[in-house]
Amino acid sequence: MRDLKEIVRDIPDFPKEGIVFKDITPLLKDPEAFAKIIDVIADKYAENGVDVVIGAEARGFILGAAIAYRLKAGFVPARKPGKLPHTVTKAEYELEYGIDSLEVHEDAITRHQRVLIVDDVLATGGTAKAKAELVGQLGGTVVGIAFLIELAFLGGRSKLGDFNVFSLITYE
Ligand code: AMP
């Protein structure tokens, strides 16, 4: 199998000038590569007693749901405001310009459940931090935060403090 890093596609200046977007769709459509990334992340947490995986739309759904299935855990979608139909709890995070937020159903996680946070890319760490806050608001315990890709040069890991952070592919 080709090196995973070679399969990720760089799209310069997307969605705006100066950003190099890490396009994971070539990796998702490759049966071997897709199975490998899910297996490696799931195996890492196999002994951690994960009850629930949380992922944010849209790529966090794809990776998170597959990892949850492998771990025999549940899956909780974190969504942009106004998308979830039932009562929600919310956490805000900073964007380059302004503030955005993520919501989960307030009954999505119960007290003391062990939660794995999953996303495709760790950039500044803001969205992962917001997901950790959502888990905390509902009384869950974050057992880890797993990323397919870490853009280490953006220093997002430092925003995630003492959490157990894992990434499969790192760009220094
Ligand atoms: P951040 O909150 O800055 O860590 O941003 C993480 C979120 O933005 C993730 O959900 C990513 O999907 C997305 N993201 C940020 N930067 C990139 C990038 N260079 N390529 C692809 N996705 C990115």
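The values are calculated or read from the model by the stated rules, or taken from the named source; none is laboratory data. In this text, all values refer to a predicted model and were calculated from it rather than measured experimentally. Glycine gets a Cβ as well: all are built from the backbone with ideal geometry, and neighbour counts include every protein chain shown. Just the protein is used for accessible areas: all its heavy atoms, side chains included, with ligands, DNA and RNA removed. Shrake-Rupley method; radii C 1.70, N 1.55, O 1.52, S 1.80 Å.
Points to keep in mind about this one:
- Antiparallel content of DSSP bridges confined to segment 2-133, in %, to 5: 55
- Heavy-atom accessible surface of Asp13, to the nearest 10 Å², is about 90 Å², with a 1.4 Å probe and all protein chains retained.
- Rounded to the nearest 20 debye, dipole of the chain from Cβ charges on Lys, Arg, Asp, Glu: 360
- Within the accessible area of the chain (1.4 Å probe), percent carbon and sulfur: 51
- Note on exposure: Asp100, Asp51 ranked by accessible area (1.4 Å probe, complete protein assembly) read Asp51, Asp100, with the most exposed listed first.
- Solvent-accessible surface (1.4 angstrom probe) belonging to Ile145, in square angstrom, nearest 10: 0
- Cα shape, the chain, gyration tensor, a/c 1.5 rule: oblate
- Separation of alpha-carbon centers, segment 16-90 and segment 102-152, rounded to whole Å: 11
- Stretchable slack from Asn164 to Ala46, in nm (0.36 nm times residue separation minus alpha-carbon distance): 41.0 nm
- Per residue accessible area in Å² of the chain, where ligands, DNA and RNA are left out and the probe is 1.4 Å: 52
- With a threshold of 25 Å on the Cα-Cα distance, the over-threshold entries among Lys29/Lys159; Lys29/Lys90; Lys16/Lys129; Lys72/Lys159 are Lys29/Lys159; Lys29/Lys90; Lys72/Lys159.
- Of the trypsin sites (Lys or Arg not before Pro) in segment 68-142, the ones in a loop by DSSP (not H, G, I, E or B) with at most 14 other beta carbons within 10 Å are Lys72, Lys83, Arg111.
- Area of Thr124 that stays accessible when all protein chains are in place (1.4 Å probe, Å², to 10): 70
- Positive-end extreme of charge dipole, the chain - chosen from Ala152, Gly55, Pro15 (charges on Cβ): Gly55
- Accessible surface ranking for Val115, Val121, 1.4 angstrom probe, highest first: Val121, Val115.
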